[in-house]
Every structure is written in C-alpha cells, then in structure tokens.
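To start, the structure itself, in structure tokens.
Laboratory data are not the source of any read-out in this text; all were calculated from the coordinates shown. Please read all numbers here as calculations on a predicted model, not as lab measurements. So basically every Cβ, Gly included, is an ideal-geometry build from the backbone, and we count neighbours across all protein chains shown.
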Amino acid sequence: MFSCDEESSGSRSRKEKKNGRRSNGGLEVVYKDNSHQLFHYEVRSPKIMTEDNIYHPDFLKLCNLMKDEINHLLKKNCSQEIPIFGDQVGGHKITVYAMDLVYTNIYRLHIVGIA
C-alpha cells in the first residue's frame with residue numbers, strides 16, 4: 001500500500017525532474033525487481049460530487065495516473081497486458097476502472113463495477 005503523500009511512479013517518470021501527481025492512495029507491487037503502482041484511488045465527499053455522480057477533475061486525474069503507470073511499466077520492459085486499476089469514491093458510491101493498452105498510444109478504459 002502507498003499513501004497520499006507518495007508520488008505516482010508513472011507520473012514522476014513522465015515529468016522527469018518535476019514532482020509527479022499524487023493519488024489519495026493505492027496498492028504497490030514488486031514485479032521484475034521494480035515496484036509498480038497498479039492500483040490508484042481518488043476519494044471525495046458527497047458534497048463535491050456533481051449531479052451525475054462524477055467529479056470530473058478527479059476522474060481525469062485518475063485516468064492520467066493510470067495512463068502514466070502503463071507507460072512507466074512499458075519503459076521497464078514489463079508485459080503490455082498488465083492492466084492498471086483505479087477507484088473513484090464519491091460519498092457512498094464507488095466506481096472501479098481498469099485501463100490497458102490496446103495498440104500504441106490507444107488506451108482502453110473499462111468500468112469494472114459500480115457499488
């Protein structure tokens with residue numbers, strides 16, 4: 001597990017010397033002697049959510065974090081088939097997403113579940 005005070009490894013890799021984005025937390029695993037953040041989450045209170053239950057800035061941030069992590073995995077010669085997961089929690093609603101790379105620069109985002 002990693003917390004909100006740690007930068008995303010994919011975002012830090014993309015921005016090189018600048019600070020990377022931070023999610024509210026997630027899960028970090030070691031694969032091929034490198035640590036990778038394969039799961040990110042963003043949490044907000046119900047007061048911030050929009051009428052359609054999507055807080056757009058956090059959704060875009062979550063998607064960018066997942067995309068950056070896929071690119072980071074590819075730079076480390078990891079398998080292209082490894083999906084990255086993300087949770088968006090807004091009040092009492094949670095949406096789980098999975099992102100993978102279909103072709104070069106074509107990312108696919110799935111909704112895995114809503115609770």
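Each peptide in 82-89, 105-112 gets a packing score, the mean of other Cβ atoms within 10 Å over its residues, and the list from highest to lowest is 82-89, 105-112.
In plain terms, the residue of 75, 67 with the fewest other Cβ atoms within 10 Å comes first and the most crowded comes last, giving 75, 67. Identify the residues of segment 76-96 with backbone N under 17 Å of a label point that sits 7 angstrom from the Cα of residue 115 along the Cα-to-Cβ direction, or state none. The answer is 85-96.
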